[in-house]
Amino acid sequence: MPESPEYIKNLKSESVVQRVIDCLTEAMVSRQLKPGDKLPPEPELAAAFGVARTSVREAIKILTYLGVLESRRSEGTFVVSGFQESMIDPMVYGIILNQGEDFESLMELREMTEAGILRLAIRKWSPEKLAFLRERLSQMERLANGTDTDLEAFFQADDDFHNGVSALCQNALADKINRVVRVLTYAVRHHTVESMIRSGRVEELVQAHRRIYEALESRDAGGLEEIIRNTYFLEVARQQERENPVRKN
């Protein structure tokens with residue numbers, strides 16, 4: 001019988017499934033298992049690890065859910081090549097479940113992410129892609145100038161605008177992370193847009209997006225944090241203050 005790979009020898013005395021996960025993960029980190037590599041069959045792994053096949057199967061199932069491994073029918077299980085959307089799902093759920101306790105951290109993450117995305121976009125945009133943002137901005141301007149601003153249409157144009165900025169950065173990983181942050185902040189962003197439209201301050205929203213577009217068009221990276229903060233964060237702070245006023249003794 002051929003000698004077992006080094007990563008199989010590294011099994012530690014933790015929970016059985018976690019031990020298998022840890023060893024396979026360590027093998028990928030150390031490049032003993034590379035993207036595209038095929039894993040040995042379950043019976044072989046189970047025998048080499050000295051664990052039940054059910055433990056190996058469960059470990060593979062978890063790593064497949066996480067987007068690290070992929071099972072191909074009649075071919076076997078392989079290490080994934082490239083970034084998969086499912087890799088970020090556990091992080092998303094973890095943040096959602098903790099969101100009530102960590103709202104400020106989430107808002108800071110959004111500010112940091114969008115400022116970074118905008119810096120990349122300023123350096124990398126192309127005229128044809130910038131035209132998409134101009135169309136979304138024009139749509140927001142038309143909606144704002146109407147007698148009764150359509151909330152959902154405006155919010156969609158707003159969302160499309162920011163996703164368009166993210167696409168301009170031409171960095172697939174940054175774009176994916178930015179989209180995750182935007183999913184997590186969907187509710188507060190929608191509430192903010194609704195609040196500003198209902199209170200007759202829709203032009204403030206348009207102006208904030210106009211400043212983003214102008215920064216891109218002129219390739220001016222000065223004051224980006226302030227520009228991003230003014231798109232939502234001041235209004236979010238006002239809402240937080242209204243809903244949770246500081247009590248004076």
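The values are calculated or read from the model by the stated rules, or taken from the named source; none is laboratory data. Here the structure is a predicted model, which is why all the values come from computation and not from measurement. Don't worry about glycine lacking a Cβ; one is built from the backbone with ideal geometry, like all the others, and counts go over all protein chains shown. Heavy atoms of the whole protein, side chains included, go into the accessibility calculation; ligands, DNA and RNA do not. Shrake-Rupley method; radii C 1.70, N 1.55, O 1.52, S 1.80 Å.
Quick notes on this structure:
- Being closer than 19 Å to GLY76 by Cβ, assigned to a loop (DSSP other than H, G, I, E, B) and either open to solvent by less than 40 Å² (accessible area, probe 1.4 Å) or at pLDDT below 90 (or both) is not true of LEU45.
- Scanning the stretch 15-42 for residues that are under 14 Å from THR77 (Cα atoms) and assigned to a loop (DSSP other than H, G, I, E, B) yields LEU33, LYS34, PRO35, GLY36, ASP37, LEU39, PRO40, PRO41.
- Sub-7 Å Cβ pairs linking a first residue in the stretch 60-74 that is of a type in the set (A, V, I, L, M, F, W, C) to a second residue that is part of a loop (DSSP other than H, G, I, E, B) and crowded, with 16+ Cβ neighbours inside 10 Å, at least 6 apart or interchain, are VAL68/VAL80; LEU69/VAL80, ordered by first then second residue.
- Any hit, the stretch 99-118, residues being at pLDDT 85 or above, of a type in the set (Asp, Glu), surrounded by 16 or more Cβ atoms within 10 Å (Cβ to Cβ) and within 24 Å of VAL206 (Cα to Cα): yes
- Residue list for the stretch 186-206, filter: in a helix (DSSP H, G or I) and either surrounded by fewer than 13 Cβ atoms within 10 Å (Cβ to Cβ) or within 22 Å of the chain's Cα centre (by Cα) (or both): TYR186, ALA187, VAL188, ARG189, HIS190, HIS191, THR192, VAL193, ARG198
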